[in-house]
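Visitor: What follows is a single structure, and I will ask about it in a moment.
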Amino acid sequence: MKNLNLRHLRIFETIASCGSFSRAADQLGMSQPAVSMQLRQLETDLGTVLFERPQRQRLTEAGQELLQHARMILAQARAAEDAMALYEADPNESGAGPRGARGLLHLGVVSTAHYFAPRLLNEFHRRHPEVRLKLTVAKRHEVLAMLQEHRLDLAITGYPPSEADVEAQSFARHPHCIVAPPDHPLARRRKLGWGDLRDEHFIFRESGSATRQFFEHLLQSQSIQVRVGMELAGNETIKQAVMCGMGISFLSAHAFQVELAAGLMVVLDVVDMPKHIDWCVVQRRDTVLTGVNAAFREFVFEQGAAVAACRVS
């Protein structure tokens with residue numbers, strides 16, 4: 001067997017992640033025949049088939065095994081490149097000494113964090129203009145899976161994950177409120193108790209969402225039940241339903257900042273609200289962050305709370 005090379009591993013990992021040769025070719029900036037040729041060369045070097053024939057859309061058992069190793073190897077190669085980028089000599093200076101962060105920062109965030117993540121990246125980029133930015137927004141389990149598979153080095157999520165191979169540290173508070181349309185009868189009342197909400201039609205987030213889990217935990221702790229008027233997927237859809245009077249809902253405060261400022265939605269004055277969880281920076285336990293990832297993590301702990309701050313009334 002010939003020695004593996006990073007180019008072949010990158011092409012193989014991109015095909016596996018994209019699920020098709022044509023999408024991988026687009027992402028790699030190569031022609032599809034060139035991608036196919038490189039994969040055939042890799043399979044020849046390894047002496048095994050990596051994708052099932054004839055469609056070649058599913059990995060073989062050998063392909064699945066190689067994919068795990070490829071992602072770890074590529075993650076380590078990126079970490080080494082980022083670390084060395086700090087010492088890359090400036091053509092206008094002599095010698096090699098530490099410089100500002102450079103390289104690619106690929107951040108994964110859960111959907112609710114996308115309301116402030118671009119601003120966080122922009123502030124970081126102001127300090128480190130040579131950094132290239134990539135933001136992936138996905139469901140919580142998808143973000144954690146990408147992290148565990150070495151497709152990400154850093155992520156931002158709400159609930160601290162329980163998985164043993166990742167660790168999380170909080171950097172900001174994440175408020176949640178009960179919202180209603182401005183003309184709702186409860187909008188004019190103060191110091192509402194949970195008993196005042198029993199007969200209201202609640203619009204729930206879809207099953208499995210962190211917001212839904214948080215709200216159900218809250219209801220359980222209050223030992224009450226509310227009426228489930230409907231279940232909708234995503235913050236944006238729920239906001240539209242609330243604004244047109246279909247019910248009230250429990251939402252992250254990040255999700256309704258624009259509507260609150262425009263007077264299209266109000267926060268109900270419920271006793272002991274808002275409720276908070278933490279925003280967390282998440283990384284794999286087996287990874288020591290270097291270069292741009294280490295710089296961004298430090299920046300989040302310094303400035304993340306200020307950037308993620310939001311109104312709750």
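Each value in this text was obtained by applying a stated rule to the coordinates, not by laboratory testing. All of these numbers come straight from a predicted model, not from anything done at the bench. Ideal geometry is used to build each Cβ from the backbone, glycine not excepted, and the neighbour counts take in all protein chains shown.
Visitor: Helix 32-46 versus the longest principal axis of the chain: what angle, 0 to 90°, nearest 10, using Cα atoms?
Guide: Approximately 70 degrees, to the nearest 10.
Visitor: Binning every alpha carbon pair distance of the chain at 10 Å from zero, what are the percents per bin?
Guide: 5, 22, 25, 22, 15, 8, 2, 0
Visitor: Along segment 6-17, what does the Karplus equation 6.51 cos²θ - 1.76 cosθ + 1.60 (θ = phi - 60°) give for ³J(HN,Hα), rounded to whole Hz, x for Gly and Pro?
Guide: 5, 4, 4, 5, 4, 5, 4, 5, 5, 4, 5, 6
Visitor: Using a 10 Å cut-off on Cβ atoms, rank the peptides 291-299, 165-173 from the highest mean neighbour count down.
Guide: Answer by packing, highest mean first, reads 291-299, 165-173.
Visitor: Using the alpha-carbon atoms, what tilt in degrees (0 to 90, nearest 10) does helix 210-222 show relative to the longest principal axis of the chain?
Guide: With both axes taken from Cα atoms, the answer is about 40 degrees.
Visitor: Full-extension gain between MET37 and PHE301, please, as 0.36 nm times their residue separation minus the C-alpha to C-alpha distance.
Guide: Gain on extension, MET37 to PHE301, equals 90.5 nm.
Visitor: Okay, next question. How far is it, in nm, from the label point at LEU133 to the one at ARG190 when both lie 7 Å from their Cα along the line to the Cβ?
Guide: 4.1 nm
Visitor: What percent do you get for the relative contact order of the chain when only Cα pairs under 8 Å and 6+ apart count? Intermediate values should be presented prior to the final figure.
Guide: Values: 501 pairs, mean separation 65.0, N = 313.
Here the relative contact order equals 21 percent.
Visitor: Can you give the net charge of the other residues whose Cβ lies under 9 Å from the Cβ of MET265, counting K and R as +1 and D and E as -1?
Guide: Values: positive: LYS239; negative: GLU259.
Overall, the nearby charge balance is 0.
Visitor: Here's a follow-up. If eta is 1.306 mPa s and T is 10 °C, what Stokes-Einstein diffusion coefficient results for segment 174-275, Kirkwood Rh from Cα pairs, in µm²/s?
Guide: 118 µm²/s
Visitor: Just how far, in whole angstrom, is segment 186-200 from segment 1-57 if you go by their alpha carbon centroids?
Guide: For segment 1-57 versus segment 186-200, the Cα centre distance is 59 Å.
Visitor: What is the dipole size for the chain, taken about its Cα centre, with +1 at each Lys and Arg Cβ and -1 at each Asp and Glu Cβ, in debye to the nearest 20?
Guide: Computed about the Cα centre, the dipole is about 420 debye.
Visitor: Under the rule of -39500 (n - 2.57) per DSSP H run of 4 or more residues, summed and divided by the residues of the chain, what mean residue ellipticity at 222 nm is obtained, to the nearest 500 deg cm²/dmol?
Guide: It comes out at -12500 deg cm²/dmol, rounded to the nearest 500.
Visitor: Moving on to the next point. Would you please state which residues of segment 134-173 a label at MET72 would reach in this model, taking the label point 7 Å out along Cα→Cβ and a backbone N cut-off of under 12 Å?
Guide: 149-150
Visitor: Here is a follow-up. Could you give the nm distance between label points at GLN240 and ASP269, where each point is 7 Å from its Cα heading toward the beta carbon?
Guide: Between GLN240 and ASP269, the simple spin-label model gives 3.2 nm.
Visitor: Assuming R0 = 30 Å, what is the FRET efficiency of GLN257 and GLN27, from their Cβ-Cβ distance, to the nearest 0.05?
Guide: FRET efficiency, GLN257 to GLN27: 0.35.
Visitor: Something else now. Mind ordering 106-114, 25-33 by average Cβ neighbours within 10 Å, highest first?
Guide: Per-residue mean Cβ counts within 10 Å order the peptides as 106-114, 25-33.
Visitor: Same structure, new question: With springs connecting C-alpha atoms under 10 Å apart, model the chain as a Gaussian network and identify which of ALA155, ALA233, ALA117 has the largest mean-square fluctuation.
Guide: Result for the chain, Cα springs under 10 Å: ALA233 fluctuates most.
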